[in-house]
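Student: I have a structure here, written as structure tokens, and I will follow up with some questions on it.
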């Protein structure tokens, strides 16, 4: 069969496909050059930082580079008994070099992350090492402090041998690698991150739900009202976009504080007693209220753009065929808005999950999210690798949600506008 | 078949949207059971409003509509049991053809096996068997139209409303669909109220046509009567082609009248003129006038050929006749020996019966 298919030639005798490619090449190059600046911009501002973040979050070269000979010598050590003289000698050699460079302090900080108690014994070792004699370093080092004779501490050093580590990720999940090399959870009273992750998911979920419940009727009104009114309503929806996020959050602080307008109103209509004003700020309520209001347009706009395309005759058809207004809505109108619902929910959820300023200002202790924790490590503890790890965990969480959405609803079924 | 003369009854119905202008004025209309009635009129004439009031999407400002003897103004659309075909089909795009047709049956809680039979029957009626699993988007315009028709009929309504259902189709498809809808109507005997602005569609399909203009029914009669015997100049003008002479009645006697034109006098059939001195517009269908008539006709005048347009089966000839430069004649192309050449003077004759003296324009 295939032998019968003749290659189609142009009038000049060139195969048609070749000729077509040649004719389109110029346009393709032009098109590429047009998008090239944007591509470059994206690579510089997006791909590089994320790559760097990924690298930073797993990078553990510092200790590897500080103790190269030690780790080489440790390759043959089984970790059961104390290491033999070869390892101690290598460690001594590395350590002397570090002392010369005045970097032994960094080593002690790093090793202390892995196991508490390294700080003091490294200080002691530095002082003692000046009087060390050549040979039999094992005895000499062990005599500096009894911890140096403890196999646990040597195992702790060994755990820092790999260039890359997942320990920041484990820390983000309130877990760590214990002395036996097993992954375990930290003690109950020190688990702070899991609570934050769950709270982030919870707040993002409910903010999405609230936004959906409020945006659906608004978007429907926008799509069905006569132009004159819908334009005005549209401006009302978009107005928050024209105001700084900080200003909006600050105005929520004015509204929600205990002596604020909302509380005054509640007291005024006798809903609450004057001496028992509810706290609506510096807790979850504050985050819910402010975030819902701020993210509302992101739900309204995709819903509106989808609803605008639904012909009013469909609802009429549903009714004329015998469906009650509710049936016509539920079976005809609602399914057609699903692409908009999907887009809006995805957008709001993803924005909410990484929200920072608003929860930081009105969330208080019980209303802060994981992003506030990331910011804390970026600015205060300067543990950037941990911040990177949590940022990436957040990113992968978003990707998982996106994947789930694609599985359940289908991503081609999304309509952003 | 036809049992009730006033199956649908519009009783003194007025409709206004803004409280200033009446879109429908004092509408009085009876539709018999099993009838195919078309509401025909230019856009803005109130015909679609009437249909929407019947369907229940608009409420009459005044008056009442009766369906099978019951006043329906207070019944919501979904309880009226009226099938409807919309202008752009209004098929549910997220449902298959089967689900579209099942929708009215499901809301009526008809058991599945019975519903399946009805759906099969409805699909075979529009010759779309085997399309049940398709989505509306995978169908051509004509197929979507047929699904819409099938959906409006699948729950056996007594009354089906069609709102310019063929407006979006191309000419050939529109014509074949006209016959198809007509045949469906004939075979199941449902009452159909059809809205269109296309007069040839109305003439092809209907038992009776209600010509709307300015919120009022101008004439309600069968297609042939509407064409042959228009009662006023709007209908004469709106339906088919029409030659007109404006003049003044100079004599009226014995079922005939003389109409004085600017520079001649013609004999006409007095329809809406009562006495001498009235202004009138005489309407004459192009095919009623003959060139060099062989039989005797009581109007015979000379005209000059201004334009000849070949139309395949016939030739249209524009003649300057009695001061009217737009006088149109249709000459069948079989009559070859007529001397139709540009600039020729020819004799044109017609019977005064066919020249209807109507209200002045």
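Nothing in this text is a laboratory measurement; each read-out follows from the coordinates by a stated rule. Remember, it's a predicted structure, so these values are computed and weren't measured experimentally. FYI the Cβ positions are ideal-geometry reconstructions off the backbone, even for glycines, and counts take in every protein chain you see.
Student: With 10 angstrom as the radius, rank B:267, A:9 by how many other C-beta atoms surround their C-beta, starting from the fewest.
Tutor: Neighbour counts put them in this order, fewest first: A:9, B:267.
Student: How far is helix A:48-58 tilted off the main Cα axis of chain A, in degrees rounded to 10, range 0 to 90?
Tutor: With both axes taken from Cα atoms, the answer is about 40 degrees.
Student: Could I have the simple spin-label model distance between residue B:241 and residue A:366, label points 7 Å from Cα toward Cβ, reported in nm to one decimal?
Tutor: Using points 7 Å along Cα→Cβ, the separation is 8.7 nm.
Student: Quote the Stokes-Einstein diffusion coefficient, in whole µm² s⁻¹, for region B:257-358, based on the Kirkwood radius over alpha carbon pairs, a temperature of 4 °C and a viscosity of 1.567 mPa s.
Tutor: Reported coefficient: 91 µm²/s.
Student: Another question, if that's okay. Quote the FRET efficiency, to the nearest 0.05, computed for residue B:124 versus residue A:408 with a Förster distance R0 of 35 Å and r equal to the Cβ-Cβ distance.
Tutor: In this case the efficiency is close to 0.40.
Student: Let me ask you something else. Averaged over B:88-94, how many beta carbons belonging to a partner chain fall within 10 Å of each residue's beta carbon? Don't skip to the end; give the middle numbers.
Tutor: Details: counts 3, 4, 11, 2, 9, 6, 7.
Partner-chain Cβ atoms within 10 Å, mean over residues of B:88-94: 6.
Student: Label residue A:102 and residue A:232 with points 7 Å out from Cα along Cα→Cβ: what is the distance between them in nm?
Tutor: For residue A:102 paired with residue A:232, the spin-label model returns 7.2 nm.
Student: Can you give me the C-alpha center-to-center distance between region B:203-280 and region A:37-63, rounded to a whole angstrom?
Tutor: Computed from Cα coordinates, the inter-centre distance equals 85 Å.
Student: Sort B:253, B:233 by Cβ crowding within 10 Å, fewest neighbours at the top.
Tutor: By the 10 Å Cβ count, ascending, the order reads B:253, B:233.
Student: So for B:225, A:75, fewest C-beta neighbours within 10 Å to most, what's the order? The partial results should precede the final answer.
Tutor: Working: B:225 14, A:75 9.
By the 10 Å Cβ count, ascending, the order reads A:75, B:225.
Student: Could you please tell me the mean projected area of the C-alpha convex hull for region A:135-186, averaged over all directions and given in square nanometres to one decimal?
Tutor: Reported value for the Cα convex hull: 4.7 nm².
Student: So what's the back-of-envelope 222 nm ellipticity for chain B, counting only DSSP H runs of four-plus at -39500 (n - 2.57) apiece and dividing by all residues, rounded to 500?
Tutor: For chain B, the value works out to -7000 deg cm²/dmol.
Student: Could I get the Rg over Rh figure for chain A? Both from C-alpha atoms, Rh via Kirkwood, rounded to two places.
Tutor: Looking at chain A, the ratio lands at 1.15.
Student: When N counts the residues of the protein assembly as shown, how does its alpha-carbon radius of gyration compare numerically with 2.2 N^0.38 Å, as a ratio?
Tutor: Its radius of gyration relative to the 2.2 N^0.38 Å reference: 1.58.
Student: Sorted from largest down, give the three principal axis spans of the alpha carbons of region B:125-188, whole angstrom values.
Tutor: Its Cα atoms span 30, 28, 18 Å along the three principal axes.
Student: How much space per residue, in cubic angstrom, does the convex hull of the C-alpha atoms of region A:193-413 take up? List each step's numbers first, then the result.
Tutor: Working: hull volume 35.5 nm³, N = 221.
In region A:193-413, the Cα convex hull volume per residue is 161 Å³.
Student: Further, regarding this structure: Among bridges DSSP assigns within chain B, what percent are antiparallel (round to 5)? Provide the component values of the computation, followed by the final result.
Tutor: On the way: 59 of 79 bridges.
Within chain B, antiparallel bridges account for around 75 percent of the total.
Student: Continuing with this model, one more query. For region A:2-58, what does the alpha-carbon gyration tensor say about shape, rounded, prolate or oblate, given a ≥ b ≥ c as the root eigenvalues, a/c under 1.5 as rounded, and a/b over b/c as prolate? Walk me through the numbers on the way to the answer.
Tutor: Working: a/c = 9.06, a/b = 2.60, b/c = 3.48.
Oblate.
Student: log10 I(q)/I(0), Debye, Cα-only region A:226-278, no solvent, q = 0.13, 0.17, 0.27 Å⁻¹?
Tutor: These q points yield log10 I(q)/I(0) values of -0.52, -0.68, -0.91.
Student: What is the gain in length, in nm to one decimal, between residue A:382 and residue A:324 on full extension, counting 0.36 nm per residue of separation less the C-alpha to C-alpha distance?
Tutor: 14.7 nm
Student: May I pose another question? Summing -39500 (n - 2.57) over the DSSP H runs of n ≥ 4 in chain A and dividing by its residue number, what mean residue ellipticity at 222 nm do you reach, to the nearest 500 deg cm²/dmol?
Tutor: Calculated from helices alone, the mean residue ellipticity at 222 nm is -20500 deg cm²/dmol.
Student: Just check region B:195-285 against the gyration tensor rule for me: Cα atoms, a ≥ b ≥ c as the square roots of the eigenvalues, rounded for a/c under 1.5, and otherwise prolate or oblate depending on whether a/b exceeds b/c.
Tutor: Judged from the Cα gyration tensor, region B:195-285 comes out prolate (a/c at least 1.5, a/b above b/c).
Student: Across 10 Å bins from 0, what is the distribution of all Cα-Cα pair distances for chain B, in whole percents?
Tutor: P(r) for chain B, in whole percents per bin: 5, 21, 25, 21, 16, 9, 3, 0.
Student: Kindly work out what percent of the DSSP beta bridges joining two residues of the protein assembly as shown are antiparallel, to the nearest 5.
Tutor: That works out to approximately 75 percent antiparallel.
Student: For chain A, take the longest principal axis of its alpha carbons; what is the angle in degrees between that and the long axis of helix A:334-353, to the nearest 10 within 0 to 90?
Tutor: In chain A, helix A:334-353 runs at an angle near 30 degrees to the longest axis.
Student: Can you bin region A:61-163 into rounded, prolate or oblate? Criterion: square roots of the alpha carbon gyration tensor eigenvalues sorted a ≥ b ≥ c, rounded for a/c under 1.5, prolate for a/b above b/c, oblate for the rest.
Tutor: Details: a/c = 1.23, a/b = 1.04, b/c = 1.19.
Rounded, because the longest to shortest axis ratio a/c is under 1.5.
Student: Name all residues of region A:267-287 having a backbone nitrogen under 13 Å from the label point set 7 Å from the Cα of residue A:258 along its Cα→Cβ direction, giving them as ranges.
Tutor: Flagged as within label range: A:274-283.
Student: How far is it, in nm, from the label point at residue A:76 to the one at residue A:164 when both lie 7 Å from their Cα along the line to the Cβ?
Tutor: 2.9
Student: To the nearest whole number, what is the average tally of beta carbon atoms from other chains within 10 Å of the beta carbons of peptide A:159-169?
Tutor: Counting other chains' Cβ atoms within 10 Å and averaging over A:159-169 gives 0.
Student: Compute the acute angle (0 to 90°) between the alpha-carbon long axis of helix A:16-42 and the principal axis of greatest extent of the alpha-carbon atoms of chain A; round to the nearest 10°.
Tutor: Tilt relative to chain A: about 70 degrees.
Student: Restricting to Cα pairs below 8 Å that are 6+ residues apart, what does the relative contact order work out to for region B:241-358? Please round to a whole percent.
Tutor: After rounding, I find 32 percent.
Student: Per residue of A:307-318, how many C-beta atoms from partner chains lie within 10 Å of its own C-beta, taken as a mean?
Tutor: So the per-residue partner count for this stretch is 5.
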